[in-house]
Each structure stands twice: as C-alpha cells, then as structure tokens.
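The values are calculated or read from the model by the stated rules, or taken from the named source; none is laboratory data. Note that the coordinates shown come from a computational prediction; the quantities given were computed from them, not determined experimentally. No Cβ is skipped: glycine too gets one built from the backbone with ideal geometry, and neighbour counts run over all protein chains shown.
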2 protein chains.
Amino acid sequence: MTITFYDIPSTNPGRACSPNTFKARYTLNFKGIPYVTEWVEFPDIEPLCKKLGIPLTSKNAEGSDYYSLPAIYDPSTGVYLSDSLVIAEYLEKTYPGTPQVFPDNTIALQLSFVSAFYGNIGAIWDFITPAACAKLNPRSIEYYRRTRKIWLGKEMEDVAPKGEAAVAQWAQFKNGLAKVDAWYAKNGGEGPFLLGKTPSWGDITVASCLILFRIVWGKDSEEWKDISSWNEGRWAGILEALKSYEIVV
Amino acid sequence: MTITFYDIPSTNPGRACSPNTFKARYTLNFKGIPYVTEWVEFPDIEPLCKKLGIPLTSKNAEGSDYYSLPAIYDPSTGVYLSDSLVIAEYLEKTYPGTPQVFPDNTIALQLSFVSAFYGNIGAIWDFITPAACAKLNPRSIEYYRRTRKIWLGKEMEDVAPKGEAAVAQWAQFKNGLAKVDAWYAKNGGEGPFLLGKTPSWGDITVASCLILFRIVWGKDSEEWKDISSWNEGRWAGILEALKSYEIVV
C-alpha cells in the first residue's frame with residue numbers, strides 16, 4: 001500500500017521546490033513510508049482537491065477557500081489529508097513503529113519552535129518569493145504572480161528589496177537566524193539537531209526552508225554561500241545531516 | 001550545604017513577587033535542593049552583586065551594567081550566579097540526580113518556547129508593571145519608578161492603558177495566550193504540561209508569570225478571574241499542578 005504524495009513541480013531537475021511540501025516529504029522519507037509523487041501545477045491544486053475531497057488548508061484573508069499542497073492519499077485507510085503538520089501528526093499516529101518526528105511527546109514544544117523560527121526569519125521571504133516564482137513552470141508562474149499580487153499588493157518584480165534596503169533586510173535575516181542558532185547551540189553538541197542526535201519536526205521545518213534557498217539560488221550562489229558561512233556552518237550542516245531524507249521519489 | 005537564594009521582597013505576605021526570581025525558585029523547589037532565601041531590596045541589588053562578585057545579568061540599552069536577581073550562592077562549589085536560565089542550567093549539571101527541567105535534551109526547544117511565549121504575551125506588561133510596582137516596599141518602589149521611567153520613557157501612572165485602549169490591549173493579551181494554548185493543546189492530554197505529565201522549563205516560565213498576576217491582582221480580582229476562565233482553565237490549572245513548587249522558604 002503506497003501513499004500518493006501531491007507536490008508542486010518546478011524547473012529544478014529534482015522538481016520539488018516548496019518548503020511546505022518538503023516538510024511532508026522529509027517526514028515520509030524519515031519514516032521510511034513508501035510513497036509516489038503526483039505533480040500538480042498551482043492552478044490545478046484547487047480543482048484536484050475538490051474532485052478528490054482533499055480538505056481545505058485554511059481560509060484566505062478575505063474569507064475564500066484556500067487549497068494548498070502538500071496533500072496525501074493513504075490507500076490503507078482511505079484518507080485524504082492536506083497541511084504538512086496535519087500529515088505529520090497523521091503519519092505519527094497511523095504508523096507508530098516508524099521513527100518519530102515528535103519524539104518524547106515534544107509536539108507542543110516543536111510547534112512553539114516553528115512559530116519562533118518563522119518569526120525570526122520573516123525578512124527572507126521578500127528575497128526568496130520572486131526567486132522561487134521564477135523556478136516554477138509557466139502555468140504555475142502565471143497563477144502564482146496573479147495570486148501573490150492580491151496577497152502582497154504588488155507585482156513580483158517589486159517584492160525583493162533593492163539597494164540599501166536589501167542590505168539592511170538581509171542583515172535582519174542574518175540576525176534572525178543567529179537567534180535560532182543560539183537555541184541550537186544549547187543542544188549539548190552531540191548532534192546537529194534541536195534534540196541533539198535525533199532529528200525532529202523543528203529540524204525538518206528548518207531544513208525545508210534551507211533546501212528551498214539552496215535549490216532556488218543554487219549551491220554556488222552568493223546567497224547560499226553567505227548563509228552556509230553563518231553560525232559556524234550550522235545551516236549547511238543541518239541540510240547535510242538530513243541529506244538522506246531529502247530524496248525525491 | 002544549603003544554597004543561598006537572593007530574591008526581591010514585596011508586601012505580599014509570601015514576599016516573593018518577581019517572575020524572574022520565581023523561575024529559579026520553582027526550579028530549586030522542583031529539584032528539591034535545600035536553600036534559604038535572602039531578601040534584597042531593588043536599590044541594594046547592584047551593591048550586593050558587586051560586593052559578592054555576582055556576575056552582571058546583561059547590559060542596559062545605553063551600555064551601563066545591569067545587575068538583577070535571581071542570584072544564588074552555592075557553598076558546595078563556591079559559585080555565585082545570576083540569571084534564572086544560567087542558574088537552571090547550573091543546577092541541572094551540578095545536581096544531575098535531581099528532577100530535570102530540561103528532560104530528554106529539550107533545552108533548545110524550551111528556549112524557543114520561552115521566546116515564543118513572551119512574544120505572544122507582550123501586551124500584559126503595561127497592565128502588570130504598575131500593579132507589581134505598587135506591591136514593592138517603599139525603598140524599592142522609589143528605585144523601580146525611577147529606573148522604569150528611564151526605560152519606558154514615562155511615569156508609572158502612565159504605563160497602564162486606559163479606556164478603549166485598555167480593552168483592546170487586554171484582548172490582545174488574551175489572543176496571545178490563546179496561541180500558547182494551541183501549542184499546549186497538542187501535548188496528548190496526559191497532563192497539564194508542555195511535555196504532558198512532566199513539568200519542564202517552559203511550564204516553569206509560564207507559571208512564574210501567572211503567579212505574578214495572581215499575587216499582584218489577587219485571586220478574587222476581575223483580572224485573575226478573567227485569565228482563569230480562558231482556555232478551559234488551562235492557566236489556573238498549570239499553577240495548581242505546580243502548587244507544591246511555589247513554596248517560599
């Protein structure tokens with residue numbers, strides 16, 4: 001019984017390029033649960049979810065339905081699910097013999113970490129959003145530009161900060177990551193992860209953002225080299241330590 | 001060998017009334033480590049720390065030294081320490097046989113929780129600061145008013161929001177706690193704590209704020225009744241579950 005995993009394709013040779021879907025992909029790979037990927041372009045997400053009965057992820061600000069990926073179909077239970085956290089909780093309960101992403105009942109702490117992590121790296125999205133958009137396929141680019149224009153109130157070309165503002169905002173991102181680094185630095189040093197030797201949901205969330213940066217800008221970009229050099233290489237180190245779980249199948 | 005614990009007195013019959021010193025007190029009580037309290041009024045903290053060699057807690061915004069309590073003296077090692085987190089880490093390492101406040105190597109996650117928790121309850125301080133000030137002894141009140149006027153840029157009487165602004169800011173605090181509640185709600189329900197049955201540093205931090213609110217406003221106040229009624233009684237429940245560790249000796 002193989003799970004169907006719905007992800008968004010890109011022009012990246014590995015195709016996957018979404019931090020939210022990467023969270024579910026890392027989780028499936030870490031747990032060793034068999035799955036196949038079904039690729040869904042942005043404009044096809046809502047029709048597919050409606051057709052299959054995949055639940056809403058949330059509501060848009062103006063109250064309309066918001067459908068997004070990742071989603072999964074698990075034929076062993078007949079269940080369709082969306083939202084990376086919902087999927088992770090489902091897999092944790094349904095496949096208790098697999099490695100846990102919330103070990104030692106740390107889920108409450110993990111969710112607070114994720115909230116604090118995103119709170120600290122907010123400055124990055126203006127940089128990465130247009131760069132990630134450019135990696136999509138043409139049909140998705142058109143959809144992505146149109147919807148983000150509504151959400152962000154500007155054209156994709158105007159999202160990234162420029163000149164001195166860009167320098168200041170990049171420094172803000174660096175400072176935010178340094179705060180996250182200070183938490184990681186308390187982990188006892190027996191491994192690169194929040195809990196030390198054991199990867200968990202917080203690390204998967206961090207890695208899912210980092211891998212986006214590495215894919216979108218490329219390993220040899222100034223941006224990735226910069227990030228890799230910060231905090232004694234912590235960020236490149238986390239990706240490296242989770243390398244076997246980033247595989248796209 | 002009994003630890004000396006330096007705390008700030010108040011007109012509260014139990015005397016203790018500081019959320020930061022309560023963090024260290026809960027930790028000592030939870031670990032069952034013998035200690036005696038030495039009470040230090042606000043204007044006496046810096047001279048005492050300088051005399052005994054208790055380290056700075058941090059620097060003030062303008063660069064001057066900032067001495068604060070809690071602090072401890074441990075005669076078994078000859079060590080003076082300040083800062084509730086530093087003290088907790090020290091006790092954890094020095095007395096490994098005692099109950100752990102960072103079980104299962106969760107310290108990195110715990111610190112992210114504390115950061116996210118404070119980030120969510122920021123709206124409360126304008127309410128509680130003047131009320132807590134009023135609970136101090138006269139010498140400390142004078143010192144507290146003078147230093148907070150520099151930090152906050154206003155007289156103590158002007159700190160608490162009034163009228164419609166107060167209603168909005170109290171709602172903001174309630175909303176912030178609701179976000180923290182949503183994390184707690186994921187703990188599996190086997191206990192009131194972040195990790196379920198086991199109290200840890202995050203719970204101690206939450207309780208140290210809650211107990212301040214209860215002491216300053218009183219159990220029968222509108223404020224405490226309001227807070228106690230939120231989130232299905234979670235906040236009063238956490239204090240109740242840690243009741244045996246709130247003792248002042």
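Summary table below
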item: Region A:86-96 - residue that is under 20 Å from A:L195 (Cα atoms) and surrounded by fewer than 19 Cβ atoms within 10 Å (Cβ to Cβ) and, of those, farthest from the other protein chains (Cβ to nearest Cβ); result: A:P96
item: Selection status of A:L56, within 14 Å of chain B (Cβ to nearest Cβ), of a type in the set (A, V, I, L, M) and either closer than 17 Å to A:L194 by Cβ or over 17 Å from the mean Cα position of the chain (by Cα) (or both); result: no
item: Candidate set from region A:148-158 (those that are without any contact (Cβ under 8 Å) to a residue 40 or more places away in the chain and surrounded by fewer than 16 Cβ atoms within 10 Å (Cβ to Cβ)); member that is nearest to the chain's Cα centre (by Cα); result: A:L152
item: Filtered residue count, region B:190-222, keeping only those that are within 11 Å of another protein chain (Cβ to nearest Cβ), more than 16 Å from the chain's Cα centre (by Cα) and of a type in the set (S, T, N, Q); result: 1
item: Which listed residue, of B:I72, B:I87, is in the same structural domain as B:K51 (by TED's automatic domain parsing) and part of a strand (DSSP E or B); result: B:I72
item: One residue from A:S76, A:S64, A:S82 being touching a Pro at 6+ places or on another chain (Cβ under 6 Å) and among the polar types (S, T, N, Q); result: A:S82
item: Qualifying positions in region A:55-77 - β-branched (V, I, T) and modelled with pLDDT of 95 or more; result: A:I72, A:T77
item: Meets criteria (more than 30 Å from B:T106 (Cβ to Cβ) and touching a residue at least 40 places away in the same chain (Cβ under 8 Å)) for A:L136; result: yes
item: Test for A:T77: is it of a type in the set (S, T, N, Q), in the same structural domain as A:A24 (by TED's automatic domain parsing) and surrounded by 16 or more Cβ atoms within 10 Å (Cβ to Cβ); result: no
item: Lone qualifier among A:W230, A:W217 - being in contact with a Phe, Trp or Tyr (Cβ under 6 Å, 6 or more places away or on another chain), surrounded by 15 or more Cβ atoms within 10 Å (Cβ to Cβ) and at pLDDT 95 or above; result: A:W217
item: Residue match in region A:49-64 (condition: touching a Phe, Trp or Tyr at 6+ places or on another chain (Cβ under 8 Å), surrounded by fewer than 20 Cβ atoms within 10 Å (Cβ to Cβ) and in a helix (DSSP H, G or I)); result: yes
item: Single residue of A:T98, A:T106, A:T94 found to be touching a Gly at 6+ places or on another chain (Cβ under 9 Å) and over 30 Å from B:V206 (Cα atoms); result: A:T98
